[in-house]
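Participant: Attaching a single structure in structure tokens format; questions to follow.
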Amino acid sequence: MTEPILVIHGVNNHDFPPFQKQVDQLQQILGQGKRLVPVYWGDLGGQSTDLADCLPAFSDGEWHVRADEGASPSLSPQAVRALVARAGPQLDNAQRADLVSGQVQPDSLVRGAPGVQPHAVRDAVADELGTTQVLQHIDDPETLAIVGRAIDAVLRDLPHGDAAPTVASPAGEFAVGGGYAVRGGDAPGEVEAVDTRALLDPVKRIAGHVLHGIDEALGRFVGNQLGRLNQDVRARLAVPISATLGDIMSYQRQPDQAQKRLRDALAQCGPDWGTQNKPISVVAHSLGGVIAFDAAVKPASEDKRLWIRSFLTFGSQAAFFHIVDPRRPELATYRRDTPVKLPPSIGRWTNLWDPMDLLAFTAGTVFRLADGSQPTDIAVQDTATELVDEKGWAHSIYWESDELASALRKTLAS
């Protein structure tokens with residue numbers, strides 16, 4: 001009879017057909033001398049179809065949650081600097097104010113008016129920069145120059161009517177609107193009164209409006225960039241990670257349900273498979289490796305113990321789970337430089353791990369097999385193209401890797 005080999009899927013596999021397709025691909029690699037038997041437990045895992053209901057959503061420049069439909073975006077200075085600050089020396093607001101005000105030309109109508117000092121725009125910009133979200137973190141001179149040219153354009157278009165009216169006095173001294181007057185009339189006894197405080201106020205007001213208008217636009221742009229980036233990461237990784245946690249919690253709560261799927265699959269293979277007299281080979285991904293590991297070292301009862309002749313895991317977490325939650329009393333607690341000896345129910349063990357896979361762990365440091373040897377850890381070297389194809393989720397990258405194909409032939413073909 002053809003020897004059966006159990007293949008157990010990992011987390012976030014809640015649909016049987018894709019898993020069956022992966023098993024079929026491995027069967028082609030291994031050939032017809034062995035029979036791969038899929039063990040499906042995904043319907044026992046955590047629910048992930050409605051996870052979006054507990055995640056914040058980003059739209060129209062704002063974050064929204066069900067409890068607060070009007071949540072407004074909040075930009076931290078660190079996030080803004082990460083996007084707009086240059087790598088070299090950073091400017092202070094005084095230097096930024098110089099760069100902005102340097103673009104306001106001397107022949108600007110307001111700046112050239114009597115009684116208005118050349119530093120009026122510079123002082124106004126310096127006062128307002130500290131209240132901006134984005135502009136106070138920008139170090140690019142040309143961007144700051146554009147802001148200055150925008151202020152200059154508005155000041156040039158300011159009508160003469162913003163100046164105070166002409167007021168005559170026989171004494172030749174004038175007090176207009178709480179300001180002061182200067183002589184400038186052409187005819188004897190006439191002067192042109194200019195309220196310099198009234199001129200300074202428009203300069204500050206206009207500079208502030210322009211600065212904050214541009215800052216609001218930049219803040220919305222930066223917020224949208226951060227929001228889209230955050231939401232893109234969530235879309236790519238949040239659901240797989242959340243589904244992973246759901247499967248782990250479901251298994252930890254009722255491990256015997258998943259282990260029963262192993263026993264059900266063995267029962268279909270014929271009598272005694274998976275016993276001490278007839279150990280079986282197991283290929284397991286991710287949490288599937290933990291399920292098989294626990295069935296071999298910590299069964300619900302001795303008659304349910306799974307005996308594994310050759311164990312091939314990839315992207316799996318048995319060592320991590322044992323360190324965090326020791327399988328006592330069957331196994332000793334792990335201590336550094338003191339590997340944990342496994343029972344003879346696991347004969348050989350080859351473990352594949354990917355450096356880019358956050359859910360993959362090595363086994364050889366933590367465990368020793370019953371004969372004193374250590375599990376063989378093999379690093380999977382994925383390519384940048386593979387990572388792009390998997391959208392950065394390296395946990396599923398093993399199924400078509402050369403390392404898995406080689407390990408299948410080497411450890412299971414004999």
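The values are calculated or read from the model by the stated rules, or taken from the named source; none is laboratory data. The shown structure was predicted, so the numbers you read here are calculated from the model rather than taken from an experiment. Cβ sites come from the backbone with ideal geometry, for glycine too, and all protein chains shown count toward neighbours.
Participant: Could you list, in sequence order, all residues of the stretch 345-367 that are in a strand (DSSP E or B) and either closer than 17 Å to Ala379 by Cα or of a type in the set (S, T, N, Q) (or both)?
Facilitator: Passing the criteria: Trp349, Thr350, Asn351, Leu352, Trp353.
Participant: Going by the structure shown, is Pro344 within 26 Å of Glu302 (Cβ to Cβ), out of contact with any helix residue (DSSP H, G or I) (no Cβ under 9 Å at 6 or more places or on another chain) and at pLDDT below 95?
Facilitator: No: the conditions fail for Pro344.
Participant: State the number of residues belonging to the stretch 1-44 that are of a type in the set (Lys, Arg) and modelled with pLDDT of 90 or more. Outline the logic, then answer.
Facilitator: Quick first cut of the stretch 1-44, residues of a type in the set (Lys, Arg) only: 21, 34-35.
Those still in the list that are modelled with pLDDT of 90 or more too: 21, 35.
Of the residues in the stretch 1-44, 2 are of a type in the set (Lys, Arg) and modelled with pLDDT of 90 or more.
Participant: I'm trying to understand the selection: among the residues of the stretch 312-344, which are in a loop (DSSP other than H, G, I, E, B), crowded, with 21+ Cβ neighbours inside 10 Å and either hydroxyl-bearing (Ser, Thr, Tyr) or free of Cβ contacts under 8 Å to residues at least 40 places away in the same chain (or both)?
Facilitator: Ser316, the sole residue that qualifies.
Participant: Scan the stretch 119-149 residue by residue and report those that are among the aliphatic types (A, V, I, L, M), over 30 Å from the mean Cα position of the chain (by Cα) and either modelled with pLDDT of 80 or more or not in a helix (DSSP H, G or I) (or both).
Facilitator: Residues satisfying the conditions are Ala124, Val125, Ala126, Leu129, Leu144, Ala145, Ile146, Val147.
Participant: Now a separate question. Evaluate the following for Thr350: is it under 19 Å from Ile29 (Cβ atoms), of a type in the set (Ser, Thr, Tyr) and at pLDDT 95 or above?
Facilitator: Spelling it out, Thr350 is indeed under 19 Å from Ile29 (Cβ atoms), of a type in the set (Ser, Thr, Tyr) and at pLDDT 95 or above.
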